[in-house]
Amino acid sequence: MNKSRLALAVLRPLGTAVALVVGYYLLPVDRRLDGWTLVLLVGGTLAVVALVVWEIRRIMRSRFPTLQGVQALALIVPLYLLIYANVYYVVAHNVPATFSVPLTRTDALYFVVTVFATVGFGDITAVSQGARVLVTTQMVGNLLLLGIALRVILAAVQHSRARSTRNSGGNP
């Protein structure tokens with residue numbers, strides 16, 4: 001692999017994650033808590049599922065499936081987390097008693113990552129029943145993302161690499 005491809009392999013996933021986080025902070029989401037918040041969560045979750053399927057297809061066709069797999073994860077995982085962070089922020093902004101402390105965008109992002117990482121420092125907790133249900137859906141989604149989506153993406157990378165090796169006569 002030449003240096004420019006290696007640089008792209010590092011910079012593209014990093015750029016994707018940075019662009020998503022910048023978008024999270026810049027997009028105007030200070031809106032009322034209503035049905036659109038649920039649509040955002042469900043629609044965002046369905047978008048993540050659709051992205052997993054789309055990225056698997058891209059991995060299967062890619063000349064560099066490992067790099068495409070890294071790019072897929074750099075898009076899917078942050079997007080999933082930012083969707084939940086956005087919903088937590090909107091909920092906390094509209095119903096302050098939902099969490100143990102008021103949430104800024106940074107607090108919401110911090111909370112979503114601590115839940116994802118199963119660290120749960122306890123400095124921010126879901127207080128209301130609705131918030132606990134929301135956090136529970138994130139935890140189930142975390143398990144599905146890590147248990148199924150990650151495994152499927154890795155399997156697609158391995159399958160594509162094996163096919164590439166077979167097609168090149170054993171010389172990857």
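General observations
- Residue in segment 78-90 that is polar (S, T, N, Q) and either modelled with pLDDT of 95 or more or closer than 22 Å to Gly43 by Cβ (or both) present: yes
- Among the numbered conditions (1) in contact with a Leu (Cβ under 9 Å, 6 or more places away or on another chain); (2) farther than 29 Å from Asp34 by Cβ; (3) surrounded by fewer than 21 Cβ atoms within 10 Å (Cβ to Cβ), the only one that Ser62 does not meet is (1).
- Of residues in segment 68-103 being over 22 Å from Leu143 (Cβ atoms) and of a type in the set (Gly, Ala, Ser), the one surrounded by the fewest Cβ atoms within 10 Å (Cβ to Cβ): Ala97
- A search for C-beta distances below 6 Å between a residue of segment 74-87 that is closer than 14 Å to Tyr25 by Cβ and any residue that is small (Gly, Ala, Ser) and in a helix (DSSP H, G or I), counting only pairs 6+ apart in sequence or on different chains, returns Pro78/Ala17; Ala85/Ala108.
- Close contacts from segment 23-39, counting a first residue that is on the phi < 0 side of the Ramachandran plot and a second that is part of a loop (DSSP other than H, G, I, E, B), with Cβ to Cβ under 9 Å and a gap of 6+ residues or different chains, come to Leu33/Val95; Thr37/Arg31.
- Odd one out for Leu109, checked against (1) at pLDDT below 95; (2) not in a loop (DSSP other than H, G, I, E, B): (1)
- Taking (1) modelled with pLDDT of 85 or more; (2) closer than 21 Å to Ala72 by Cβ; (3) over 14 Å from the mean Cα position of the chain (by Cα); (4) surrounded by fewer than 14 Cβ atoms within 10 Å (Cβ to Cβ) in turn, Pro172 satisfies each apart from (1).
- Contacts under 8 angstrom Cβ, first residue in segment 108-119 being at positive phi and touching a residue at least 12 places away in the same chain (Cβ under 8 Å), partner among the β-branched types (Val, Ile, Thr) and part of a loop (DSSP other than H, G, I, E, B), 6 or more apart: none
- Residue ID - surrounded by the most Cβ atoms within 10 Å (Cβ to Cβ), chosen from residues in segment 17-48 that are modelled with pLDDT under 80 and in contact with a Lys or Arg (Cβ under 9 Å, 6 or more places away or on another chain): Thr37
- Among the residues listed as Val133, Val119, the single one being more than 18 Å from Glu55 (Cα to Cα) and modelled with pLDDT of 90 or more: Val133
- Number of the condition not met by Thr125 [criteria: (1) surrounded by 12 or more Cβ atoms within 10 Å (Cβ to Cβ); (2) of a type in the set (Ser, Thr, Tyr); (3) closer than 22 Å to Gln68 by Cβ]: (3)
- The residues listed here are Gly122, Gly130, Gly141; of these, the one that is part of a loop (DSSP other than H, G, I, E, B), of a type in the set (Gly, Ala, Ser) and out of contact with any strand residue (DSSP E or B) (no Cβ under 9 Å at 6 or more places or on another chain) is Gly122.
The values are calculated or read from the model by the stated rules, or taken from the named source; none is laboratory data. Source: prediction; values computed, not measured. Virtual Cβ from ideal backbone geometry, glycine too; neighbours counted across all protein chains shown.
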